[in-house]
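Bear in mind these aren't lab numbers, they're just calculated from the coordinates by the rules spelled out. Being a predicted model, the structure only gives us computed values, none of them experimental. For neighbour counting, all protein chains shown are included, and Cβ atoms are generated from backbone atoms with ideal geometry for every residue, glycine included.
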Amino acid sequence: MNPRRIATVVRRHIYVLRRSPHRFFDLTVWPLLDVLLFGSLGAYVAQQGGTKAGAPYLLAGILMFHVLYQIQIAICTGFMEETWSRNLLNVMTTPVTEGEYIAGVGVFGLAKLVVAMVVLALIAFGFFGFDLTSVGWGLIPVAALLMVSGWAIGLTVIGLMLRYGQSAEILAWGINFLVMALSGVFNPVESIPAILQPLSRVLPTTHAFNALRDMLDGKPLPLGEIAIGLVSAIACAGAAMWFATRMLRTFRRRGFVTRFS
Amino acid sequence: MTARALEKRFGDVRAVNGVDVTVAPGERVGFLGPNGAGKTTTLLMLLGAITPDRGTIEICGHRLPRGRSKAMEKVGFAAGYLPLPERLRVREALGIFAGWYGVSDERGAVDAALERFAVPHLADRLCNELSSGQRTLVGIAKAILHRPKLLVLDEPTASLDPDVAQRVRAGLLDVCATDGTALLVTSHDMREVEILAERVVFLAHGRVVADDTPAGIAASFGHDDLEGVFLSLAGSAQEEI
């Protein structure tokens, strides 16, 4: 891993972001819409006499879901930028390794995540008086699980794009909502249809959101949930790396680079 | 660069069938053949973008695929069909590539490369606003930023005006003479190849059918120049189709 090459990948994407105002949609408008939608829904349910499904649960859920979303989208759009501008062959014929490129978009994704989380937290506080930091330090391991999960999903989607071309791009956005539904972002696993619950329980994101809800209930950080989530996240990340590497090998073996140039 | 017994098959199509290519330090080699002969597939294998089914590739002592990153530090690549990154100014785009190639003085290298092809005025233009000729010149400037030992060019002057193509050829000859850079170039312009290349590797049906000086190849096929050789090989390829 060459730090300068990684830093150059970050610089490349900063240039693109600076000249592409529409790219700020993911960082500003989408978070604003999500907070407004779920915050208002939570407020309405609370007004109707709901308790657990109040605004804090929905807001905390959507805010932390954005950790996963922003990280995953940053990795996928980082790769897609090279396909959209037909620059993939240019990159592949430089000394940059696949690991350095992914590390670069990963670092860039972290920076985007910080911006998005500040936007989300300010909107949630401004509109609904919800302070995410009130959850405490326990947010850090929850966020870490979601970040690793985001990287794993991102790598998987890149693997699919390498194999199936740009038609697989739809998954970059769509797959998040599948994970959202299965992970119980706003609701416990028990409320998910029984047939899907085993699948939910193996997802690291499910344990991250379970831990989040426990802390919102005033309980201490559930270390058991975090430990299971960590094992699952490491397994998912390992599987995603294996898959992406295998797809890259197929991509090179079958000459798919010509699809993008 | 030494490539031995390269083979590549895509489904039922044998695109490259036992190709040997060598380029000595400072040597200028033309890589020719009719459409579908396997030129671009071979080039992409030499650059590590496509994995050969069989054969070995070694560049400046680095064996591909394991040594791809190290090898690419010594190689520059440009193709007439390849765009530059969108939404970046020329200076920014070239600076990014200079960073990836590990150039210590990015700004100096970018200025020198643009100067070499007489396009310093393009430095602050957006890459996606360049004409095809300007894009080609900047693409070649990108390929020489790090003073590579080997410059690989795929159809560098395709669709260029004659005066721009001439400027490209003059710039390339200057790079090779001044920096001792070796050149491996494909082109459909046989006169261009006669100017640029000291040696020509002719490819047909995925095989090397001739490897000699331009004059030597023309003579061995009973023609006056490479154009005649190309037309007869292209004709036989067409008959097979």
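For segment B:1-96, place one equal point scatterer on every Cα, skip the solvent, and apply the Debye formula. What is log10 of I(q)/I(0) at q = 0.22 Å⁻¹?
Taking Cα atoms of segment B:1-96 as identical point scatterers yields -1.19.
Is it possible to state the helix-based mean residue ellipticity at 222 nm for chain B, with each DSSP H run of 4+ residues giving -39500 (n - 2.57), the sum divided by total residues, to the nearest 500 deg cm²/dmol? What is it?
-12000 deg cm²/dmol
As a test of the definition: which semi-axes, in Å, follow for segment A:54-149 when you take the square root of five times each eigenvalue of its alpha carbon gyration tensor? Largest first, please. Display every interim value, and only then the final one.
Values: eigenvalues 219, 35, 17 Å².
Equivalent ellipsoid semi-axes, largest first: 33, 13, 9 Å.
Relative contact order of chain B, please, whole-number percent, based on alpha carbon pairs below 8 angstrom and at least 6 residues apart.
Values: 455 pairs, mean separation 64.7, N = 241.
Value for chain B: 27 percent.
Which of B:110, A:114, B:23 sits farthest toward the positive end of the charge dipole of the protein assembly as shown, with +1 on the Cβ of Lys and Arg and -1 on the Cβ of Asp and Glu?
Final value for the positive-end residue is A:114.
Please list, in order, the residues from segment A:1-36 whose amide nitrogen is less than 18 Å from a point placed 7 Å along the Cα→Cβ vector of residue A:248.
Zone members listed by number: A:1-10.
Rounded to the nearest 20 Debye, what is the dipole magnitude of segment B:14-71 about its Cα centre when Lys and Arg each give +1 and Asp and Glu each give -1 at the C-beta? Walk me through the numbers before you get to the answer.
Details: 8 positive and 4 negative charges, 36 e Å.
Dipole of segment B:14-71, to the nearest 20 debye: 180 debye.
Along the positive direction of the dipole of chain B (beta-carbon charges: Lys, Arg +1; Asp, Glu -1; about the Cα centre), which of B:218, B:1, B:172 reaches farthest?
So the residue we want is B:1.
Please list, or write none, the lysines whose alpha carbon is within less than 26 Å of the alpha carbon of residue B:70, excluding same-chain residues fewer than 8 places away.
Those lysines meeting the cut-off are B:8, B:39, B:142, B:149.
Tell me, how many Å apart are the Cα centres for segment A:1-33 and for segment A:72-136?
That distance is 7 Å.
From Cα coordinates alone, what are the radius of gyration and Dmax values for segment A:85-140 in angstrom?
Cα radius of gyration and Dmax of segment A:85-140 are 17.9, 51 Å respectively.
To the nearest 10 degrees, how steeply does helix A:55-84 sit against the main Cα axis of chain A, on a 0 to 90 scale?
For helix A:55-84, the angle is close to 10 degrees.
Check residue B:151: other-chain or 5+ apart residues with amide H under 5 Å from its amide H, H built from backbone geometry?
B:76, B:182, B:183, B:184
Per residue, how much space in cubic angstrom lies within the convex hull of the C-alpha atoms of segment B:96-213? Working shown, then result.
Values: hull volume 14.6 nm³, N = 118.
Cα-based convex hull of segment B:96-213, divided per residue, equals 124 Å³.
When the scattering of chain B is computed by the Debye formula from its Cα atoms alone, each counted once and equally, what is log10 I(q)/I(0) at q = 0.13 Å⁻¹?
Debye intensities relative to I(0), on a log10 scale: -0.79.
Which residue, A:62, A:170, A:127, has the largest displacement toward the positive end of the dipole of chain A when charges sit on each Cβ (Lys, Arg +1; Asp, Glu -1)?
Towards the positive end, the residue furthest out is A:170.
Going by how many other Cβ atoms sit within 10 Å of their own, how do A:30, A:173, A:242 line up, fewest first?
Numbers: A:30 18, A:173 15, A:242 12.
Fewest to most other Cβ atoms nearby, the residues stand as A:242, A:173, A:30.
Could you give the dipole magnitude of chain A about its Cα centre, charging the beta-carbon of Lys and Arg +1 and that of Asp and Glu -1, in debye to the nearest 20? Mind showing how you got there, number by number?
Numbers: 20 positive and 12 negative charges, 233 e Å.
Once rounded to the nearest 20, the dipole reads 1120 debye.
Can you tell me the dipole magnitude for the protein assembly as shown around its Cα centre, using point charges on the Cβ only (Lys, Arg +1; Asp, Glu -1), in Debye to the nearest 20?
Its charge dipole is roughly 1140 debye.
Relative to the longest principal axis of chain B, what angle (0 to 90°, nearest 10) does the C-alpha long axis of helix B:106-116 take?
Around 60 degrees separate the two axes.
Across segment B:42-145, how large is the tail of the calculated P(r) beyond 16 Å, expressed as a percent of all Cα pairs?
Numbers: 3143 of 5356 pairs.
Roughly 59 percent, rounded to a whole number.
Which whole-number value in Å³ per residue fits the convex hull of the alpha carbons of the protein assembly as shown? Can you show the working numbers first?
Values: hull volume 78.9 nm³, N = 502.
Spread over its residues, the Cα hull of the protein assembly as shown gives 157 Å³ apiece.
Where does segment A:193-245 land on Rg/Rh, using Cα atoms and the Kirkwood Rh? Intermediate values should be presented prior to the final figure.
Values: Rg = 12.9 Å, Rh = 12.0 Å.
Rg divided by Rh gives 1.08.
In segment A:117-261, if every C-alpha pair distance is counted and binned at 10 Å from zero, what percent goes to each bin?
11, 32, 32, 17, 7, 1
What is the P(r) of segment A:3-260, as percent of Cα-Cα pairs per 10 Å bin from 0?
Values per bin, smallest distances first: 7, 29, 34, 20, 8, 1, 0.
For chain B, take the longest principal axis of its alpha carbons; what is the angle in degrees between that and the long axis of helix B:132-144, to the nearest 10 within 0 to 90?
That works out to roughly 90 degrees.
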